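Enquirer: Would you mind keeping the following structure in view while I ask a few things?
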């Protein structure tokens, strides 16, 4: 047996990989959907791939891109060069629009020419970009803040207005504790917690990194500021390498925070750090 022979991956393995992919994978031939994984079905508003296999793929294109898409598919099936990646809209079962990024490749399926599409839902990415634009307003407020109250108010307003969360704390570092100097969504009760104690706020201060816990009920002693809080996100504010403050967000929902929330809060923390450093330098 030649040592140059590569092992053949069984078709069953390929199917498992496709079905467990986080991307929407579809094969189209003669404008008909001849294969779709579960992610594709869910993306279009269906429960099972069988509900869309056999249907005209163009029925799920928005009118604005339908003709352009037909030209792309026809051109690819002729072997003509086309951009492999493009953004476009799809129309879901209920008529709503979803924005996707699609990669297209010419393949042979069942002995016939076909096009393999791998699509990614851009909804979360677009929302993230939109939130970054919204943050400019609060970045300007923080850039002109003159007092600590101005800083905490702008930071908490950004959390409620841009991120959409209603429970948040602004904790200031005071020697060996974190002191709550401002908050939203809670009854006004200013409190403190030891930095060497339990909890996500204290951990964020000690480890100088963002701490995310989407299931507080599974970690006794890490509960948030209210009995019904189930998720907490805490980001440190670092000024010259020192933790000057910690910003915490809480939610009554389990799994309330995603990667984009972590990134947005870290951006807010960076703006807060710049504001605090500027204020300290001018003091």
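Enquirer: Filter the range 2-34 down to residues that are more than 19 Å from residue 121 (Cβ to Cβ) and in contact with a helix residue (DSSP H, G or I) (Cβ under 8 Å, 6 or more places away or on another chain) and give me whichever is modelled with the lowest pLDDT.
Expert: For the range 2-34, the residue satisfying everything is 31.
Enquirer: Would you confirm whether any residue within the range 170-181 is assigned to a helix (DSSP H, G or I), in contact with a strand residue (DSSP E or B) (Cβ under 7 Å, 6 or more places away or on another chain) and surrounded by fewer than 18 Cβ atoms within 10 Å (Cβ to Cβ)?
Expert: The answer is no; no qualifying residue exists.
Enquirer: While we're on this one: For residue 160, are the conditions met, namely being touching a residue at least 12 places away in the same chain (Cβ under 8 Å) and under 25 Å from the mean Cα position of the chain (by Cα)?
Expert: When the stated conditions are applied, residue 160 passes them.
Enquirer: Just for the range 81-107: of the residues that are outside any strand (DSSP E or B) and at pLDDT 75 or above, which one is surrounded by the most Cβ atoms within 10 Å (Cβ to Cβ)?
Expert: Selected residue: 92.
Enquirer: Turning to a different aspect of this structure: Is there a residue in the range 51-60 that is buried (at least 19 other Cβ atoms within 10 Å of the Cβ) and within 27 Å of the chain's Cα centre (by Cα)?
Expert: Looking for residues that are buried (at least 19 other Cβ atoms within 10 Å of the Cβ) and within 27 Å of the chain's Cα centre (by Cα), one finds at least one in the range 51-60, hence yes.
Enquirer: Looking at the range 108-124, which of the residues that are surrounded by fewer than 14 Cβ atoms within 10 Å (Cβ to Cβ) and in contact (Cβ under 8 Å) with a residue 12 or more places away in the chain is farthest from residue 35 (Cα to Cα)?
Expert: In this case the residue turns out to be 124.
Enquirer: Considering the range 182-205 alone, what residues qualify as being surrounded by 14 or more Cβ atoms within 10 Å (Cβ to Cβ) and not in a strand (DSSP E or B)?
Expert: 185, 186, 195, 197, 198, 199, 200, 201, 202, 203, 204, 205
Enquirer: How many residues, within the range 30-48, are more than 24 Å from the chain's Cα centre (by Cα), at negative phi and surrounded by fewer than 17 Cβ atoms within 10 Å (Cβ to Cβ)?
Expert: So the answer is 3.
Enquirer: A further question follows. Just to verify a result, which residue in the range 56-80, among those that are out of contact with any helix residue (DSSP H, G or I) (no Cβ under 8 Å at 6 or more places or on another chain) and not in a helix (DSSP H, G or I), is farthest from residue 113 (Cα to Cα)?
Expert: Across the range 56-80, the extreme among qualifying residues is 62.
Enquirer: Something else: I'm trying to understand the selection: among the residues of the range 43-56, which are farther than 14 Å from residue 102 by Cα and touching a residue at least 12 places away in the same chain (Cβ under 8 Å)?
Expert: 44, 45, 46, 49, 52, 53, 54, 55, 56 - these are the residues of the range 43-56 that are farther than 14 Å from residue 102 by Cα and touching a residue at least 12 places away in the same chain (Cβ under 8 Å).
Enquirer: Related question: Scan the range 70-78 and give yes if some residue there is under 22 Å from residue 124 (Cα atoms), surrounded by 10 or more Cβ atoms within 10 Å (Cβ to Cβ) and at pLDDT below 80, otherwise no.
Expert: The answer is no; no qualifying residue exists.
Enquirer: Is the range 134-151 home to any residue that is under 30 Å from residue 44 (Cα atoms), in a helix (DSSP H, G or I) and either at pLDDT 90 or above or not assigned by TED's automatic domain parsing to the domain that holds residue 44 (or both)?
Expert: Looking through the range 134-151, at least one residue is under 30 Å from residue 44 (Cα atoms), in a helix (DSSP H, G or I) and either at pLDDT 90 or above or not assigned by TED's automatic domain parsing to the domain that holds residue 44 (or both).
The values are calculated or read from the model by the stated rules, or taken from the named source; none is laboratory data. Computed from a predicted model, the values in this text were never measured in an experiment. No Cβ is skipped: glycine too gets one built from the backbone with ideal geometry, and neighbour counts run over all protein chains shown.
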